[in-house]
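Read through the structure below, which is laid out as structure tokens, and then see the notes.
The values are calculated or read from the model by the stated rules, or taken from the named source; none is laboratory data. Just so you know, these numbers come straight off a predicted model, no measurement behind them. Heads up, the Cβs are rebuilt from the backbone with ideal geometry, glycines too, and the neighbour counts pull from every protein chain shown.
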Amino acid sequence: MTEILTFDEAPPEGTINFGIGQPSSDLLSLSVIEQASNAFLGNAHPLDLNYGASAGDRRFANALAGFLTREYGALTHPGSLMVTNGNSQALDFVCTVFTRPGDTVFVEEPSYFLAFRILADHGLNIVGIPIDEDGLIIEAVEAALKIHEPAFIYTIPSFHNPSAYTMSASRRAQLVALSLSHDFLIVADEVYHMLSYYEAPPMAFGTMIDSGTIISLGSFSKILAPALRLGWMQASEKLLEKAFENGVVNSGGSLNHYTSHIARHAIELGILEQHLMQLRQTFRGRVKAMDEALNSFLGNTLQWHRPKGGYFFWLALPEDMDADDLRSRVSDYEIGFQPGSRFSSRGELRHFLRLSFSYYNEDDIFEGIERLSRLIARAR
């Protein structure tokens, strides 16, 4: 009998856990990986199993640059790319290279809670900057700059985690201008940029690296498979030169060299883009299902906006209701979610919660929202 492997925070059988920000198993395409792997191994050279160049394999960089050019709608140069082990490792790497303990960094309030851990591991002081439906509030950034001198600002500009908001084009331009006038970096986590279901977001920060202040992070975790642990960093030549001086890169060569060959062939065969189209179609249906279920069961109780991409719904509870208290009762209803306080640098936002639609089909989404509605009704 084949053992079914689990993962961190895997839900008990029968539980619908909307706290899981991962693709469902039907969207993890073994056939894509198999085709790409066979194509690579059928023409591989023994040196493809060596350490590789610090920046990553040149053939992979060329393929990825072509893919990003098509997806971003602007020319991407292979020389602007560096291979990473995914976005979490890339953010950790950025902290190692471009900060020192005691430095200040700005983050969106709310923001991805695991990023807080990475920043804290490096001894960085975190300052939260509020957002609205157009992303970072620039006036709040300007006010914070009168008090602090940040090493960088960490932003998830497209289909933000957890709010699903997208930073407007004008605010992106204003933020770049501030980075130039106040000498800080913009670390743009663009992992959700390609997961747009209704309309494309504004131009990615990865298309603006000529400013010399931008580091754009991308990953195959959301568009192909998390197990690949493969991503990229896109930045100016000057910033990449500093990254290549890092001891880990110097001692070990390219990060995730072998996996980059598989991803390269997935791009060159055209199967990555086909898979991405399937993801968008499936997730579009799940967004619709969750929005309709919320309207049916909680339309008079909660507030939210329908996301245009990404993985998440961000729900506002009545202000006298605490999502952490709700979470302590979820086992009785076999339901799960992430409380808003996890996404706050100050432990606030306690009357918010995040739901992910990425892991469950439309029937399970409907059932899960019905369970959530019973939990909330009991708590009121």
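Looking at Leu145, Leu175, Leu136, Leu195, which one is aliphatic (A, V, I, L, M) and touching a residue at least 60 places away in the same chain (Cβ under 8 Å)?
Details: Leu145 fails: touching a residue at least 60 places away in the same chain (Cβ under 8 Å); Leu175 fails: touching a residue at least 60 places away in the same chain (Cβ under 8 Å); Leu136 fails: touching a residue at least 60 places away in the same chain (Cβ under 8 Å).
When all the criteria are applied, what remains is Leu195.
Which of (1) part of a helix (DSSP H, G or I); (2) crowded, with 23+ Cβ neighbours inside 10 Å does Leu353 not meet, given it meets every other one?
Every listed condition holds for Leu353 apart from (1).
How many residues does the range 108-129 contain that are within 27 Å of Ile20 (Cβ to Cβ) and without any contact (Cβ under 8 Å) to a residue 24 or more places away in the chain?
2
Among Leu114, Leu81, which is the only one that is surrounded by fewer than 19 Cβ atoms within 10 Å (Cβ to Cβ) and closer than 30 Å to Gly128 by Cα? Full working, then the answer.
On the way: Leu81 fails: surrounded by fewer than 19 Cβ atoms within 10 Å (Cβ to Cβ).
Exactly one residue qualifies, and that residue is Leu114.
Within the range 333-378, can you find the residues that are touching an Asp or Glu at 6+ places or on another chain (Cβ under 7 Å) and farther than 12 Å from Leu315 by Cα?
Passing the criteria: Ser341, Ser344, Ser345, Arg371.
Consider Asp183 against the criteria (1) surrounded by fewer than 19 Cβ atoms within 10 Å (Cβ to Cβ); (2) on the phi < 0 side of the Ramachandran plot: it satisfies all of them except one. Which criterion is unmet?
(2)
Restricted to the range 201-227, and to residues that are among the hydrophobic types (A, V, I, L, M, F, W, C) and touching a Gly at 6+ places or on another chain (Cβ under 8 Å), which residue is farthest from Ile267 (Cα to Cα)?
Of the residues in the range 201-227, the ones among the hydrophobic types (A, V, I, L, M, F, W, C) are 203-205, 208-209, 214-215, 217, 220, 223-225, 227.
Of the ones still in play, those that are also touching a Gly at 6+ places or on another chain (Cβ under 8 Å) are 203, 214, 217, 220.
Details: Met203: 21, Ile214: 25, Leu217: 18, Phe220: 11 Å.
The qualifying residue farthest from Ile267 (Cα to Cα) is Ile214.
Suppose the filter is in contact with a helix residue (DSSP H, G or I) (Cβ under 8 Å, 6 or more places away or on another chain), among the small types (Gly, Ala, Ser) and farther than 23 Å from Phe18 by Cα; does Ala243 pass it? Show your work before the answer.
Details: in contact with a helix residue (DSSP H, G or I) (Cβ under 8 Å, 6 or more places away or on another chain): yes; among the small types (Gly, Ala, Ser): yes; farther than 23 Å from Phe18 by Cα: yes.
When the stated conditions are applied, Ala243 passes them.
Out of the residues in the range 60-78 that are out of contact with any helix residue (DSSP H, G or I) (no Cβ under 6 Å at 6 or more places or on another chain) and under 18 Å from Asn256 (Cβ atoms), which is surrounded by the fewest Cβ atoms within 10 Å (Cβ to Cβ)?
Ranking the qualifying residues of the range 60-78, first place goes to Leu64.
If you scan the range 168-180, which residues turn out to be in contact with a helix residue (DSSP H, G or I) (Cβ under 8 Å, 6 or more places away or on another chain) and either surrounded by 21 or more Cβ atoms within 10 Å (Cβ to Cβ) or not β-branched (Val, Ile, Thr) (or both)? Break it down into steps so the answer makes sense when it comes.
Residues of the range 168-180 in contact with a helix residue (DSSP H, G or I) (Cβ under 8 Å, 6 or more places away or on another chain): 171-172, 174-176, 178-180.
Those that are in contact with a helix residue (DSSP H, G or I) (Cβ under 8 Å, 6 or more places away or on another chain) and either surrounded by 21 or more Cβ atoms within 10 Å (Cβ to Cβ) or not β-branched (Val, Ile, Thr) (or both): Arg171, Arg172, Gln174, Leu175, Leu178, Ser179, Leu180.
Can you pull out the residues in the range 295-322 that are outside any loop (DSSP other than H, G, I, E, B) and crowded, with 22+ Cβ neighbours inside 10 Å? Walk me through it before giving the result.
Our first condition is that a residue be outside any loop (DSSP other than H, G, I, E, B); within the range 295-322, this holds for 295-298, 303, 309, 312-316.
Gly309, Phe312, Phe313, Trp314, Leu315, listed by residue number.
For a quick check of your reading of the model, give me the residue pairs whose first member lies in the range 149-162 and is within 18 Å of Ala173 (Cα to Cα), whose second is outside any loop (DSSP other than H, G, I, E, B) and of a type in the set (S, T, N, Q), with beta-carbon atoms closer than 9 Å and at least 6 apart or on different chains.
Phe152/Ser179; Ile153/Ser179; Ser158/Ser196; Phe159/Ser196
When you go through (1) in contact with a helix residue (DSSP H, G or I) (Cβ under 9 Å, 6 or more places away or on another chain); (2) part of a loop (DSSP other than H, G, I, E, B) one by one for Ile376, which number turns out not to apply?
(2)
Looking at the range 339-360, is at least one residue at pLDDT below 95, touching a helix residue (DSSP H, G or I) at 6+ places or on another chain (Cβ under 6 Å) and not assigned by TED's automatic domain parsing to the domain that holds Arg117?
yes
Here's the yes/no breakdown for (1) within 22 Å of the chain's Cα centre (by Cα); (2) within 19 Å of Ala164 (Cβ to Cβ):
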position	(1), (2)
Asp322	no, no
Leu326	no, no
Ser331	no, no
Glu334	no, no
Pro339	yes, yes
Arg346	yes, no
Ser358	yes, yes
Gly368	no, yes
Arg374	no, no
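Could you check the range 281-294 and list, in sequence order, the residues that are buried (at least 17 other Cβ atoms within 10 Å of the Cβ) and either among the basic types (Lys, Arg) or closer than 30 Å to Thr96 by Cβ (or both)?
Going residue by residue through the range 281-294, those that are buried (at least 17 other Cβ atoms within 10 Å of the Cβ) are 282-283, 286-287, 289-291, 293-294.
Passing the criteria: only Arg286.
Within the range 18-39, take every residue that is in contact (Cβ under 8 Å) with a residue 60 or more places away in the chain and among the aliphatic types (A, V, I, L, M) and give me the one that is nearest to Leu315 (Cα to Cα).
That would be Ile20.
Tally up the residues in the range 50-83 that are of a type in the set (Asp, Glu) and part of a helix (DSSP H, G or I), please. Walk me through how you get there before you give the answer.
First pass over the range 50-83, keeping only residues of a type in the set (Asp, Glu): 57, 71.
Next, only the ones that are part of a helix (DSSP H, G or I) stay: 71.
Final tally of qualifying residues: 1.
For the range 299-317, enumerate the residues that are touching a residue at least 60 places away in the same chain (Cβ under 8 Å) and in contact with a Phe, Trp or Tyr (Cβ under 9 Å, 6 or more places away or on another chain).
Restricting attention to the range 299-317, the residues satisfying the condition of being touching a residue at least 60 places away in the same chain (Cβ under 8 Å) are 301-302, 305, 307-314.
His305, Pro307, Lys308, Gly309, Gly310, Tyr311, Phe312, Phe313, Trp314, listed by residue number.
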